[in-house]
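The values are calculated or read from the model by the stated rules, or taken from the named source; none is laboratory data. None of these values were measured; they are calculated from a predicted model. Here the Cβ is made from the backbone with ideal geometry for all residues, glycine too, and neighbour counts use every protein chain on show.
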Amino acid sequence: MSSDRIRSTRSHRASIASACVMLAAITTSACSSSGSGGATSALSSASSASGETVTLITHSSFAATDVVIAEFTTKTGIKVEIPKSSSDAGEVLARAILAKGKPEGDVLWGVDNTLLSKAITAGVFTPYTTTALSTLDAGAAALVPGHELTPVDLGDVCVNYDRAAFDTAGKPAAPKTLDDLIKPEYRGQLEVENPQTSSPGLVFFLATVARYGKDGWKDYWTKLKANGVSVVDDWTKAYTVDFSGSTGKGSKPMVVSYASSPVAEVLDVTPPPATSPTASMTDGCFRQVEFAGILKGTKHRKASEQLIDFLVSKSFQEDMPLNMFVSPVVSGATVPDVYKTFTVVPSTPLSLAPSVIAANRDKWVEEWTTLVLR
Amino acid sequence: MSARRSPLAPPRWLGWSLAIGPLVALALFFVWPLVAIGSRGLRWSAVRHVLADHGVARVAWFTLWQAAVSTAATFVVALPLTAAVSRFAFRGRRLVIALVGVPFVLPTVVVATAISATLPRSWDGTVRAIIVAHVFFNVAVVVRTVGAAWTQLDARYEDAARTLGASRVTAARTIALPLLRGPILAASAIVFLFTFTSFGVVRLLGGPRHPTLEVEIYRRAAQQVDLPAASALGLVQLVAVIAVLALWARAGRRRPPASALRNRPPATRARRPAERSFVFLATTVTMVALALPIARLVERSLAVPGGHGLAWYRSLSSAGRGTTRALRPLAAFRTSLTTAFISCVIATVVGALAALALTYTRRGRGRGLLGAGLMLPLGTSAVTIGLGLFVAFGQAPLDLRGSAIMVPLAHALIGIPFVVRALAPTLQAIDPRLHDAAATLGASRWQTFALIDVPLARRTLIVGAGMAFAVSLGEFGATSFLTRRSTPTVPIAIANLLARPGRGNVGQAQALAVLLAGVVTVVFVVTDRFAEAR
Amino acid sequence: MSLDVDSIVVRFADRTVLDSLSFTVASGSITCVLGPSGCGKSTLLRVVAGLLVPDGGRVRIDGVDVTALAPHRRHVGFVFQHDVLFPHLDVGENIAFGLRLARVARAGRAARVGELLELIGLPGYERREVATLSGGEAQRVALARALAPSPKVVLLDEPFGALDRDLHDALVPEVRQLLRALGTTALHVTHDRDEAAVMGDQLITL
């Protein structure tokens, strides 16, 4: 009895092992045969590029409506593969740099202005000037004179606040400017993310540098610290747990997030309310631009160019706001009403030149850490 | 009597030939990726910079220290429950053993918020919170690994001690625990390495003031995209882990004495009032403490606008429908379970070979190296493993980037130590006289192995394999760095939900996590049943 | 099945444990080896069983030189000092272990197990767990296990040492009778002179 069972367990194990080897072999061959697809370039017309698949590498915040993506395929005959990602922008770029010359995909979406200089100096992108260049936001386009990357969306990082905690009897007025944040009536109410570990955290920090200058920011942050600012490591904790205006119903009524975050608070609510429970300050917002680019070494150059053109086309740009909570970079794209109503558009968002950011960021963040966290 | 070789002892070459498989696997899927990422990323200037940085020294020290304290605390908390389930039979024992494994598998990112909600607010962002969370996640390792071995340990040794005047506690402390040295060292190594490279807990519960090496590596690789700095730190971490493992190998050099193994679960019910209260308290207090954050998680997953309900569960299949971020929860579970199954099989085969190799080789440096070497992946940054595999297998001749085997491979690397560390002590504890007896009854060496060793080791092998399966289900770090597939695993899907604003996302993430917890409980109940069956 | 021990020499590190020991056990008879603890009695048994390779000398069973033969081919049964019953098998499976290895059919195994249990005075114990047996019962089962595959020679290493006086006095003649009834050649090691006198047809002192 038992020795038969043992004998069969051992051969059972052996057969599982061989099945796995076969499975691995089959999957490997299946996967390497897809995606390496069709004809190599030297094709100029869209229809002769049909049957190709172009792969779009993205970060975890990317989202687009299937129907819109399908439009691209209908128009050009090129299929788009968008592997699901759980990485954020930095990880995606890190992988692209590691895979330099032998990219995992053809087009990369998700480099932002804080990573722009690094992306360009790493030399992983092939320049391409999109046919829609003239429709792009001038400020955004000016950041990439060499066209290694193409701007694809705009966003603003601003301080969001919970309306219910302000503007009523016994509560302070809603905060309006960065200077307000150091006032005693807002003591202990602000939560920011760590610029070392969080993208919005870093961007907010850069906003204070842009506003108060390369030396003045230290004074500002000393005052913020004295006013009880709390720091957490990532946006998820700050927004979904500690923020009193969102699902977590936490204790902080002010948190660093995006100008479009109030939209998210009303989207799933029926019937749609007249005002969002949260709002964003218009002062102290920092303009964030996202870029996409063609990876060097791609085997689908022409198709990638067509994809980039599509990404800055009206149909895709109008699909972005409610999927990714970002604003179009293209003039002439209209945003859905709910997005327009609940997203503030800062009149003069703060910004810093990407080269300045690249040159000083590490040093500034070190200094910030010593100042605020120790 | 010992210097002579008994004709029953396995030949010298057997141990080392068994080791070939595991060594090759380790070299190919761990060492080579490390070399690959190191050669790409490591710059001596960055290394020198990192070594000169006092901040780094402080972070490294903190990482070591919090891991040691977390490990000790985990044992302190886990031992009473371990003793209770090993020595007493009580109603619900099997369920307790299965349930205790659930926290181990839950994705940190979801449970961390539940944990911090259970702790006092003043503990937010403190080291205390980190340690408590570490204990929460790792109690399972101790209870299941040490518990499985303790259950099999013949109770007569402790009984003998008790007849000589020792209380149950003293007998456990002075007799059982020393005899369980092997499994205890194994469990402590695993817990230490896990807490050493812990990322989610440190970030979410410790906050920005208490970074560990892992957090720093991730930050440099994925946020600053500064690969030389990340590699330099990765090297520091690797050196620290190797030093720890060297110490551990020395501690484990002495084999525990062979002790009789029993195969039945304990038959004794607690009879004396003191015993009954002990069992009751140990079980209830520990399980309640573990259950609190999970209960909160369940409650939150049912909290829909307007009260409580199943809305988040129901909306899982329609989440993101029509967009590229469509969730497809069933597909995610299918991916997770398939990945876990494949990685568990790999880990079990390689781990079993390694455990046998460790048993059959003579005591010496080689054996210590093999044992410690297999533990290394547990102590290596997920960033390093993920990116290393990505770089090493991202080019001809072996471009496996798109392949479905990469993620299970990475998971298997982390699962192998569980199998080895569960199995090896048991194999080594088998009384050699049982082999003698079998030989005199006509069993050849192979038959002795199959008919005596395998049945006696089967339980711990299954427990080890079960842990490897669970580890794979809950793995997030290395997976997120590896090749993307069109269907993510459940932890990745959960992280995706949490990364974006939207009322429904958090609720759905929590619902998904609760479902994962349910799946894991079923897995553990089933594997435990297999382990205890005849 | 005669057993012939011829000039066996065993040395450990610094001392010679067995120095050119020779004797013969006639077929079907019981030889007792008497000596104080530590004089090499167990070592002798291990050599005969093949669990230990001697430094010199030969062991012959029925005239055939088995010195180089592996223990599992010698068909030599062994009863250890303390029961070494397999913990994961019940009483019946323990006893049947050698029979299974000899590929005896299920019915034959069951019959033999039943027969032996009767002989050792534990009828109906087939499905009992070994952990529940008393010391005397366990040793008797160990004996049955060793005898089940009808070995040519049975070696007993002070098997009655751990038993109480009454049980001891009852068991020793029983076992002798059993061995004689089965016609098994036996080599029995003990330090108890009286026991040796009862058990053995031949007495050897180390």
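Of everything in the range C:1-46 that is within 14 Å of chain B (Cβ to nearest Cβ) and charged (D, E, K, R), the residue that is surrounded by the most Cβ atoms within 10 Å (Cβ to Cβ) is C:Lys41.
On the basis of being among the acidic types (Asp, Glu) and more than 30 Å from B:Ala499 (Cβ to Cβ), does B:Glu299 make the cut?
Against the criterion (among the acidic types (Asp, Glu) and more than 30 Å from B:Ala499 (Cβ to Cβ)), B:Glu299 does not qualify.
Among the residues in the range A:101-118, are any part of a loop (DSSP other than H, G, I, E, B), free of Cβ contacts under 8 Å to residues at least 12 places away in the same chain and surrounded by fewer than 22 Cβ atoms within 10 Å (Cβ to Cβ)? Checked the range A:101-118: no residue is part of a loop (DSSP other than H, G, I, E, B), free of Cβ contacts under 8 Å to residues at least 12 places away in the same chain and surrounded by fewer than 22 Cβ atoms within 10 Å (Cβ to Cβ). Within the range B:340-371, the set of residues being surrounded by 24 or more Cβ atoms within 10 Å (Cβ to Cβ), modelled with pLDDT of 90 or more and not aliphatic (A, V, I, L, M) comprises B:Ser343, B:Cys344, B:Thr348, B:Gly351. Looking across the range B:431-447, just one residue is more than 8 Å from chain C (Cβ to nearest Cβ) and surrounded by 20 or more Cβ atoms within 10 Å (Cβ to Cβ), and that is B:His435.
Considering B:Gly368, B:Gly394, B:Gly373, which residue is farther than 25 Å from B:Val490 by Cβ and without any contact (Cβ under 8 Å) to a residue 12 or more places away in the chain? Working first, answer last.
Values: B:Gly368 fails: without any contact (Cβ under 8 Å) to a residue 12 or more places away in the chain; B:Gly373 fails: without any contact (Cβ under 8 Å) to a residue 12 or more places away in the chain.
After ruling out the rest, the residue left standing is B:Gly394.
The lone criterion from (1) touching a residue at least 24 places away in the same chain (Cβ under 8 Å); (2) under 20 Å from the mean Cα position of the chain (by Cα) left unmet by C:Ser134 is number (1). Being in a loop (DSSP other than H, G, I, E, B) and touching a residue at least 40 places away in the same chain (Cβ under 8 Å) is a description that applies to A:Thr275. Being of a type outside the set (Lys, Arg) and at pLDDT 90 or above is not true of C:Val76.
May I ask you to list the residues in the range B:450-489 that are out of contact with any Asp or Glu (no Cβ under 9 Å at 6 or more places or on another chain), assigned to a helix (DSSP H, G or I) and under 24 Å from B:Phe393 (Cβ atoms)?
Passing the criteria: B:Ala468, B:Phe469, B:Val471, B:Ser472, B:Leu473, B:Gly474, B:Ala478, B:Thr479.
Taking the range C:181-197, which residues are touching a Gly at 6+ places or on another chain (Cβ under 8 Å) and more than 13 Å from C:Pro159 (Cβ to Cβ)? Within the range C:181-197, C:Gly183, C:Thr184, C:Thr185 qualify.
Take A:Leu98 and tell me if it is within 11 Å of chain B (Cβ to nearest Cβ), without any contact (Cβ under 8 Å) to a residue 12 or more places away in the chain and not β-branched (Val, Ile, Thr).
When the stated conditions are applied, A:Leu98 passes them.
Restricting to the range A:148-167, what's the tally of residues that are part of a loop (DSSP other than H, G, I, E, B) and more than 28 Å from A:Leu352 (Cα to Cα)? First the steps, then the outcome.
Residues of the range A:148-167 that are part of a loop (DSSP other than H, G, I, E, B), as a first pass: A:148-149, A:166-167.
This time we only want the ones that are more than 28 Å from A:Leu352 (Cα to Cα), so: A:166-167.
Residues meeting the conditions: 2.
Could you go through the range B:410-426 and let me know if any residue there is β-branched (Val, Ile, Thr), in contact with an Asp or Glu (Cβ under 8 Å, 6 or more places away or on another chain) and closer than 19 Å to C:Phe86 by Cβ. There is no residue in the range B:410-426 that is β-branched (Val, Ile, Thr), in contact with an Asp or Glu (Cβ under 8 Å, 6 or more places away or on another chain) and closer than 19 Å to C:Phe86 by Cβ.
Of the residues contained in the range A:171-192, one or more are found to be within 14 Å of chain B (Cβ to nearest Cβ) and either of a type in the set (D, E, K, R) or at negative phi (or both).
Taking A:Asp234, is it within 11 Å of chain B (Cβ to nearest Cβ) and farther than 21 Å from B:Val304 by Cα?
yes
Of the residues contained in the range B:418-428, none is found to be within 13 Å of chain A (Cβ to nearest Cβ), buried (at least 22 other Cβ atoms within 10 Å of the Cβ) and at pLDDT below 90.
Looking at B:Pro22, B:Pro11, B:Pro7, just one residue is surrounded by 12 or more Cβ atoms within 10 Å (Cβ to Cβ) and either at pLDDT below 85 or within 14 Å of chain C (Cβ to nearest Cβ) (or both), and that residue is B:Pro7. With the requirement that a residue be of a type outside the set (Lys, Arg), part of a loop (DSSP other than H, G, I, E, B) and more than 7 Å from chain B (Cβ to nearest Cβ), what does the range C:63-74 give you? Listed by number, the residues that qualify are C:Gly63, C:Val66, C:Thr67, C:Ala68, C:Leu69.
With the condition kept exactly as written, say whether any residue in the range B:508-518 is within 12 Å of chain A (Cβ to nearest Cβ), at pLDDT 85 or above and in contact with a strand residue (DSSP E or B) (Cβ under 9 Å, 6 or more places away or on another chain). Looking through the range B:508-518, at least one residue is within 12 Å of chain A (Cβ to nearest Cβ), at pLDDT 85 or above and in contact with a strand residue (DSSP E or B) (Cβ under 9 Å, 6 or more places away or on another chain).
Each row is one residue, and each column tells you yes or no for (1) within 14 Å of chain B (Cβ to nearest Cβ); (2) closer than 21 Å to A:Lys299 by Cα; (3) modelled with pLDDT under 90.
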residue	(1), (2), (3)
A:Leu43	no, yes, yes
A:Ser48	no, yes, yes
A:Gly51	no, yes, yes
A:Thr55	yes, yes, no
A:Thr58	yes, yes, no
A:Ala64	yes, no, no
A:Val68	yes, no, no
A:Glu71	yes, no, no
A:Thr76	no, yes, no
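Residue selection: A:Gly170 fails the criterion of being part of a helix (DSSP H, G or I), out of contact with any Lys or Arg (no Cβ under 9 Å at 6 or more places or on another chain) and not assigned by TED's automatic domain parsing to the domain that holds A:Gln317.
Looking for whichever is without any contact (Cβ under 8 Å) to a residue 40 or more places away in the chain and either closer than 21 Å to B:Trp32 by Cβ or not in a helix (DSSP H, G or I) (or both) here; the options are B:Arg321, B:Arg362. Which one fits? So the residue among B:Arg321, B:Arg362 that is without any contact (Cβ under 8 Å) to a residue 40 or more places away in the chain and either closer than 21 Å to B:Trp32 by Cβ or not in a helix (DSSP H, G or I) (or both) is B:Arg321. The listed residues are C:Leu117, C:Leu182, and the only one of them that is in contact (Cβ under 8 Å) with a residue 12 or more places away in the chain, in contact with a helix residue (DSSP H, G or I) (Cβ under 7 Å, 6 or more places away or on another chain) and closer than 16 Å to C:Thr31 by Cα turns out to be C:Leu182.
Taken as a whole, the condition of being buried (at least 24 other Cβ atoms within 10 Å of the Cβ), within 11 Å of chain B (Cβ to nearest Cβ) and more than 26 Å from A:Ile69 (Cβ to Cβ) does not apply to A:Pro253. Residue-level check: of (1) buried (at least 20 other Cβ atoms within 10 Å of the Cβ); (2) at the interface with another protein chain (Cβ under 10 Å from one of its Cβ atoms); (3) closer than 24 Å to C:Leu133 by Cβ, C:Val91 misses just (2). Just one of the numbered conditions (1) buried (at least 21 other Cβ atoms within 10 Å of the Cβ); (2) away from chain B (no Cβ under 11 Å); (3) closer than 26 Å to B:Arg220 by Cα; (4) not hydrophobic (A, V, I, L, M, F, W, C) is not true of A:Gly123: (1).
Conditions tested, residue by residue: (1) over 18 Å from the mean Cα position of the chain (by Cα); (2) part of a helix (DSSP H, G or I); (3) modelled with pLDDT under 90.
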residue	(1), (2), (3)
A:Asp309	yes, yes, no
A:Gln317	no, yes, no
A:Ala333	yes, no, no
A:Thr341	yes, yes, yes
A:Val344	yes, no, yes
A:Ser347	yes, no, yes
A:Val356	yes, yes, no
A:Glu367	yes, yes, no
A:Leu371	yes, yes, no
